[in-house]
Amino acid sequence: MKVDDTRVEGGRATTADSTLAAAHLASDAERIRILEAEVARLQAALHDRATELETLFDVIPVGIGVALDPECKHIRVNSGFAKVLGLETSQNASKTADGEERPTNFVCVDLQGKLIPDDQLPMQISAREGQEIRDHEIDVIHEDGRIVRLLEYAAPLLDAAGRPRGAVGAFVDITERRSAEERERRRLAEIAHVSRLSTLGEMISGLAHEINQPLASASNFARACQRWPQTSGMPLPDDVRRLVEKILGQTERAGEIVKRLTTFVKKGASTPVFVDVNVLVRDVIALTKSCFYPAMKRDLETPLLTDLAPHLPRISVDPIQIEQVLVNLIRNAIEATQEARLSAPVIVRTMRVADAVQISVSDGGTGVAAQTTSELFEPFFTTKPEGIGLGLSISRSIIENHGGRLWVEPNAEQGATFAFTLPLDAPTQWR
Ligand SMILES: Nc1ncnc2c1ncn2[C@@H]1O[C@H](COP(=O)(O)OP(=O)(O)O)[C@@H](O)[C@H]1O
Ligand SMILES: [Mg+2]
């Protein structure tokens, strides 16, 4: 029995075995001495182990809770976890603790914002039901309104008979990670919104152009009527004259509305700021990988690489719009590579050219035929079954609004390069 116990200690079992064998052969006094020495050695080893565990408990940057009863009435926490919960390490952190001991400075809610009953918290379930809980997310809401998102793991501690006698829990604070994801999602939504807005903008501009023509004709005809007496020598009846004036007034009003609408669309909601293009490129790549990659139907892996010129001057742009252009180009490049069923990388480059910064997206995809390059930029031109054909036309109008140029060149070997410039001297509307 004793021998079995020491065997649990692994490497030390041999020493214990031989100690016991020696004790068996020796005299009583000798035996006691040998056994006492062995007990002292085991105590020292145990003490070392306990110190190691205590130190780990204290320094590990993960919140840890330990409960030694199946109802989790007492949870001891390490300093990391105590800090997250706003407690002292000496305090009982258990929500199922009796009376005064129960912490009241925070509540735990699930991701839908519903209060979690005290006996339904992960460690409580784990200790009571002997079950392991993994990757469980909860929000801890503090008295001052601060919310901490925790990723939890809980495992039961079992007694010799295999019954749960407590639980250990590990808690990682993922508040920062979650809010970064949240920011990313919001930015994506903003890009999608800008995309819709610029589509709407293009449609309004097109519509305004279409409406202006008949409006101009209507007012020309009305003016011709006003000049009728001079040109024909016949007077215009008063009623008719008044009606013609009314027609003119109304067409002018309509013209004014159209003009206001187009200036409104042109102004959009652009907010020019000075940006480091390389930072913007890196952001977009991270965004593409985290948000667009999972949404794309991709059979092959398309590596996304960068070749960024250092020390580029900062330029004044609307960052959301330029991000949108990059997202469009990168997405097209990946789609063209996928269509060609190749695994060539997509490379985003930045460089300084005469009086501008140039950004290009190269792919080894299907490529573009020289004779169709201008067609690609037409609104609604698409060769994809689910394409809309607005990406390139919107991108081009955004870049031209920034005083730059966007074009495409076929690559020497395979695929195409879409490139655009952003002038260092931003046009006046960006100042
Ligand atoms: N990198 C590329 N390689 C080859 N063809 C491309 C590339 N980018 C765009 N095209 C062509 O230009 C068309 C228009 O692109 P776009 O305006 O973004 O609309 P969509 O992506 O919805 O088709 C695409 O359908 C495709 O035929
Ligand atoms: Mg596209």
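I'd like to check which strands (runs of 3 or more DSSP E) are fully inside the stretch 314-416 and have at least 2 residues that are among the polar types (S, T, N, Q).
Answer list for the stretch 314-416: 356-362.
Quick check on Gln324: is it buried (at least 19 other Cβ atoms within 10 Å of the Cβ), within 12 Å of ligand 1 (Cβ to nearest atom), in the same structural domain as Asp307 (by TED's automatic domain parsing) and of a type outside the set (A, V, I, L, M, F, W, C)?
When the stated conditions are applied, Gln324 passes them.
Identify, please: which residue in the stretch 353-368 is in contact (Cβ under 8 Å) with a residue 40 or more places away in the chain and exposed (fewer than 15 other Cβ atoms within 10 Å of the Cβ) and is, among those, nearest to ligand 1 (Cβ to nearest atom)?
Only one residue fits best here, namely Val353.
Evaluate the following for Asp58: is it surrounded by fewer than 11 Cβ atoms within 10 Å (Cβ to Cβ), assigned to a helix (DSSP H, G or I) and at pLDDT below 95?
Here the answer is no, as Asp58 does not meet what is asked.
Out of the stretch 327-339, which residues are crowded, with 24+ Cβ neighbours inside 10 Å and either away from ligand 2 (no atom under 11 Å from the Cβ) or not assigned by TED's automatic domain parsing to the domain that holds Thr302 (or both)?
The answer is Thr337, and nothing else.
With respect to Leu390, is the statement that it is surrounded by 16 or more Cβ atoms within 10 Å (Cβ to Cβ), within 28 Å of Glu301 (Cβ to Cβ) and either modelled with pLDDT of 85 or more or away from ligand 2 (no atom under 12 Å from the Cβ) (or both) true?
Here the answer is no, as Leu390 does not meet what is asked.
What are the pairs with Cβ atoms under 7 angstrom where one residue, in the stretch 30-54, is outside the structural domain of Ser79 (by TED's automatic domain parsing) and the other, located anywhere, is hydroxyl-bearing (Ser, Thr, Tyr) and outside any helix (DSSP H, G or I)? Sequence gap at least six, or different chains.
none
Would you pick out the residues in the stretch 357-403 that are under 30 Å from the mean Cα position of the chain (by Cα) and aliphatic (A, V, I, L, M)?
Val357, Ile359, Val361, Ile388, Leu390, Leu392, Ile394, Ile398, Ile399
Need pairs with beta-carbon distance below 6 Å; first residue more than 8 Å from ligand 1 (Cβ to nearest atom) and within the stretch 380-397, second modelled with pLDDT of 85 or more and assigned to a loop (DSSP other than H, G, I, E, B); sequence gap 6+ or separate chains.
Listed pairs, sorted by first residue: none to list.
Conditions first: (1) on the phi > 0 side of the Ramachandran plot; (2) in contact with a strand residue (DSSP E or B) (Cβ under 9 Å, 6 or more places away or on another chain). Ala333 passes all but one, so which condition is the exception?
(1)
Looking at the stretch 389-397, can you tell me whether even one residue there is of a type in the set (Lys, Arg) and over 18 Å from Thr350 (Cβ atoms)? Working first, answer last.
Initial filter on the stretch 389-397 (of a type in the set (Lys, Arg)): 396.
Narrowing further to those that are over 18 Å from Thr350 (Cβ atoms): 396.
Yes - at least one qualifying residue is present in the stretch 389-397.
The values are calculated or read from the model by the stated rules, or taken from the named source; none is laboratory data. Note that the structure is a prediction, hence the values are computed from the model and not measured. Because the Cβ atoms are built from the backbone with ideal geometry, glycine has one as well, and the counts that use them run over all protein chains shown.
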